[in-house]
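Note sheet for the following structure.
The values are calculated or read from the model by the stated rules, or taken from the named source; none is laboratory data. The structure presented is a predicted model; accordingly, all values stated were derived computationally and were not measured. Don't worry about glycine lacking a Cβ; one is built from the backbone with ideal geometry, like all the others, and counts go over all protein chains shown. For the accessible areas, the whole protein counts, side chains as well, though only heavy atoms, and no ligand, DNA or RNA atoms are used. Shrake-Rupley method; radii C 1.70, N 1.55, O 1.52, S 1.80 Å.
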Amino acid sequence: MTMTPVVEVKNLKTYFNTPEGLGRAVDNVSFSIERGRTLALVGESGCGKSVTALSIIQLIPRPQGFIAGGEVLLNGRDIIPLGEREKRKIRGNKISMIFQEPMTSLNPVLTIGSQITEAIKLHQGKSSSEARAKAVDMLEKVRLPEPGRMFHEYPHRLSGGMRQRVMIAIALSCRPDLLIADEPTTALDVTIQAEILNLIKELQREISTAVLLITHNLAVVYRNAENVGVMYGGKIVEMAGVKTLFRNPMHPYTLKLLRCVPGMEKRGRMLDTIPGTVPPPTEFPEGCRFSGRCHREMEGCGTIEPALSEKENGHAAACHLYDPEFMNKPLSRPLLALESARPAPVNVPHEKRTTILEVQDLKYYYPVKKGVFKKTSGYLKAVDGISLTIKKGSTLALVGESGCGKTTAGKAMIQLLKPTGGTVVFDGKEVTGMTPRGIKPYRSLMQIIFQDPYSSLNPRLMVGEIIEEGLKSLRPEMDGKARREKLSRILDMVGLTPDMMRRYPHEFSGGQRQRIGIARVLVVDPRFIVCDEATSALDVSVQAQILNLLKSIQRDFGLSFLFITHDLSRVEYIADEVAVMYGGKIVERGTVEEIFSSPKDPYTVKLLSAVPRIETV
Amino acid sequence: MPVILATDLIIYAVFLATVFLAFSAGRGDGYLKQVWRHIRKDRLAVASMLVLLAYGGVALMDSIRWRDPVVAEDGKMARTAEGEKIFSAEPLSLLDRALSGVKEKTEKTFSAPLARRLFVKETMEPQDGKAVGAGLQVIRDYPPLKYPGTHLLGTDKVGGDVLFASLKGIRTGVVIGTGTTVIIIPFAILFGVMAGYFGGVTDDVIQYVYTTLSSIPGVLLIVAFMLIFGGGGYEGGLVTERNLLWGFFVPGDRLFWLCVIMGITSWTDLCRIIRGETLKLRELEYVQAAKAFGVSRPRIIARHIVPNVMHLVLITLVLQFSGLVLAEAVLSYIGIGVSPQMGSWGNMINTARLELSREPAVWWNLASAFAFMFALVLPANIFGDAVRDALDPRLRMGRR
């Protein structure tokens, strides 16, 4: 069956004027979506996915951003030249959008009801009572409990998942022709993520709208889209049906992207990585945008731009690999053996390892204070009696949804927070209840790596000073020369160069900043490191680099990790043991194999079944 | 015999700090040098800095003063019965001495800028002595100035030079602006950071203090304070070698107490802002990381907290600076500002109130005070913004 597409984007170009020059954020992008179908745009951050979405709905931040060319046809009519009044009639009515952050996309001072009826009254010209009836109907459709009551609620009373349902209700209330979902589930827990995606899919079927799904999560794409466009450097580099793409990725970027994803089958091997990071739009290379990072780069790739063309039936890719003229060209650098072929870090069998950290009945309660005199009226039991052991040279993953107390538990273990109760024994010595002076020797042995590579480095200190801080505090006897030597050695180890010591954190990419964070910790010779979502804020190709780095330092130094995460694919890949946390308690513990093959606790079962998976790889 | 007021010490301190900063920025390749390199690229900021330096120079000149011995009629030093030297009651500053030509050339009353005649008509005898009809030989006309061409901005009611008065106002403005700031900064940063970082009882006490302070109407507090302390000064009595308090040092004048009380009433805003920011910073991961390294609390505060609230300090202070200079005018208007003899823009504006209601209006007094005030506040804002940007490594590198 052939249908006329609802939306057709032709040679769209969206450029940005920046102090560094012209940024070609979206450059010559074309695609179309038919009624009732879903097209997913995937790629790492900075590839132009969101700018493409904003260009379609005509909300490019002006005056820096502008559409430099191309057409956006909605039901056959180009909407770019329309006036602002016309465009407003389209937005929220014909094209609507769901954003990533449900916490900030609803206005906190208006009720849910008034925010839904606003769109209905505006675009459908309905009376207040009709709009109200319609809004309640929509709230029911997105399966919010008690829609009549919900209508009068304010956003702060709702959880993230519920707010995202409200956003969906608003977006679909006018039965749009196109729904743009920009990372709709990225900010949500994995169990809620699946529900939201299913809801979108169901409602899409009901009102047969076209969906443009924007995500960086390949597994989400696999389950929720019919067609996929892989974006890199403001261009679509590969476009195909979802099954075709995952079975037979043609573009080297797509291939690498799929291989970077950690998972059970990659355990014990190094992850495949893409060297470097996505360049900023002002520094995209001349020829193929992926040149410079590509493992199959040939002579000419850096100067001649490959066009997106159909290579097989319905499978298009923009790469010279499939170009007859390039067939016999030599590779510009030797084809590296895939990194995943590197030998597994061989360790002592898990059972024979000795214990480094033993946690018994650890509790951390936040006092809840009330009244003028701030009397403690109760306690919030963030961590409510957890026990676990971590063995030397091994990794324990602590998983659970946000707010379950995993970060608090990690901080209480290394005595960054003073536990309310329970004991932590590190290498045979009890560290709970130690005085600040007594704990100091253990500060270098137990360390923490944080999630956010932006807020974990003081923006006003140079990298050298940041890394040096721990040494100055914990090894005051070390002189400047010895310190500098140690610093350069560690920087080299984490893949940075010593000249970077005199630069400031903002000059580095997210991945490099995370390396700085790791260097800062390694420099004091720790034996146990808490990795608090250490790779969650990174793009998948960079995440692979960091996971490899963590794995290799574990092998080289016999370090033990507590790996706090919500992403189970990372757990399968890196952990030896898993502890599942729910509501401040550990509900299940065991080796990775045990937990993943035969989960016992109902929460673990739910968590595992909610994880989207790619089955064809 | 030199005379040093407490407010002079503020000016000297600011001067020394400027010299020190300039010296260390010019030397080596340190942090300050980088900051200066960034500021230097901004032409507007450099121009503003030059204006500020000029103001500072005038204020400094006006802060170096000494009393001349009184010379008796016979050309000898005047002495008391005990043989002590007598000094003039009014110490003259370097500025007074440099501009004595303008200062002493007073007219009879108002004259417009660059006028050749007075602003008001007088009854006078015709100058050439010719009789105009019968009876009294008088006419009414604008008399010519005694010193035409001297008074670029005209003269005030008692014939004093307006430009000179405005220049004298610079010291008052600079003292109020910087003196109050010098008092605000340590209070606000110390208490703000402590309240935010330590929390608990410390936070409660500090919050209690600044909530109480800011709930008392500021003007009332200032009035009460000035009535108690503002009486000091160096007026009164025959000035001889012996009866000068502490030799040459004059501990308090009204301007000094004005700075103190304005500092006390206005540190609370900044303190509140810093407390809020510290609460946020305290939970940031780089602070947590420092804690995990066992870094001591004073060091965390000095390295991680204070540098990251400095941008707020600068913004707030620059905004307050303008407010303070204006507040001086308001307080002089209600009669509790600096002493009326002291040159200040506030006093000028205060007197201009009546002058403006004349017909035709005497506008140059107000315009001149306003222009001088504007020329201090605007560059202070521009330069403050430039310094803030230069202190932020993100912006500093971004523009390079």
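From the list B:Val174, B:Val201, the one residue that fits, being in a helix (DSSP H, G or I), modelled with pLDDT of 85 or more and touching a helix residue (DSSP H, G or I) at 6+ places or on another chain (Cβ under 8 Å), is B:Val174. If the condition is being closer than 17 Å to A:Glu8 by Cα, polar (S, T, N, Q) and within 30 Å of the chain's Cα centre (by Cα), then segment A:52-94 contributes A:Thr52, A:Ser55, A:Gln58. The requirement of being of a type in the set (Val, Ile, Thr) and crowded, with 18+ Cβ neighbours inside 10 Å is not satisfied by A:Val372.
Yes or no, residue by residue, for (1) open to solvent by 40 Å² or more (accessible area, probe 1.4 Å); (2) more than 18 Å from A:Leu308 (Cβ to Cβ); (3) assigned to a helix (DSSP H, G or I):
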site: A:Ile192; (1), (2), (3): yes, yes, yes
site: A:Ile196; (1), (2), (3): no, yes, yes
site: A:Leu199; (1), (2), (3): no, yes, yes
site: A:Leu203; (1), (2), (3): no, yes, yes
site: A:Leu213; (1), (2), (3): no, yes, no
site: A:Tyr222; (1), (2), (3): no, yes, yes
site: A:Gly229; (1), (2), (3): no, no, no
site: A:Val237; (1), (2), (3): no, no, no
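Highlighted here are the strands (runs of 3 or more DSSP E) found entirely within segment A:1-87 that include at least 1 residues which are under 28 Å from A:Gly276 (Cβ atoms) and open to solvent by 60 Å² or more (accessible area, probe 1.4 Å): A:5-18, A:21-34.
Counting only residues that are of a type in the set (Ser, Thr, Tyr) and free of Cβ contacts under 8 Å to residues at least 40 places away in the same chain, which one in segment A:487-525 is surrounded by the fewest Cβ atoms within 10 Å (Cβ to Cβ)? Once the filter is applied, the top-ranked residue is A:Thr497. Filtering B:Arg97, B:Arg37, B:Arg79 for residues that are touching a Lys or Arg at 6+ places or on another chain (Cβ under 7 Å) and open to solvent by 50 Å² or more (accessible area, probe 1.4 Å) leaves a single hit, B:Arg79.
Can you name the residue in segment B:337-370 that is assigned to a helix (DSSP H, G or I) and without any contact (Cβ under 8 Å) to a residue 12 or more places away in the chain and, of all such residues, is least open to solvent (accessible area, probe 1.4 Å)? That would be B:Ala367. The set of residues from segment B:274-306 being in contact (Cβ under 8 Å) with a residue 60 or more places away in the chain, open to solvent by 10 Å² or more (accessible area, probe 1.4 Å) and within 11 Å of chain A (Cβ to nearest Cβ) comprises B:Arg297, B:Val306. For segment A:526-578, the candidate set comprises residues that are over 20 Å from the mean Cα position of the chain (by Cα) and part of a loop (DSSP other than H, G, I, E, B); within that set, the residue that is surrounded by the fewest Cβ atoms within 10 Å (Cβ to Cβ) is A:Gly558.
May I ask you to verify whether B:Val309 is in a helix (DSSP H, G or I), surrounded by 23 or more Cβ atoms within 10 Å (Cβ to Cβ) and within 14 Å of another protein chain (Cβ to nearest Cβ)? For B:Val309, the condition - in a helix (DSSP H, G or I), surrounded by 23 or more Cβ atoms within 10 Å (Cβ to Cβ) and within 14 Å of another protein chain (Cβ to nearest Cβ) - is met. Against the test of being more than 9 Å from chain B (Cβ to nearest Cβ) and touching a strand residue (DSSP E or B) at 6+ places or on another chain (Cβ under 9 Å), the options A:Gly464, A:Gly433 yield a single qualifying residue, A:Gly433.
Every condition in (1) within 20 Å of A:Ser208 (Cα to Cα); (2) touching a residue at least 12 places away in the same chain (Cβ under 8 Å); (3) basic (Lys, Arg) holds for A:Arg77 except the one numbered (2). Each residue in segment A:436-460 was checked for being within 7 Å of another protein chain (Cβ to nearest Cβ) and of a type outside the set (Val, Ile, Thr), and 11 pass. Of all residues in segment A:201-252, those satisfying the criterion of being over 19 Å from A:Asp27 (Cβ atoms), of a type in the set (Gly, Ala, Ser) and within 23 Å of the chain's Cα centre (by Cα) are A:Ala219, A:Ala225. Scanning segment A:495-524 for residues that are assigned to a loop (DSSP other than H, G, I, E, B) and within 12 Å of chain B (Cβ to nearest Cβ) yields A:Arg503, A:Tyr504, A:Phe508, A:Val523, A:Val524.
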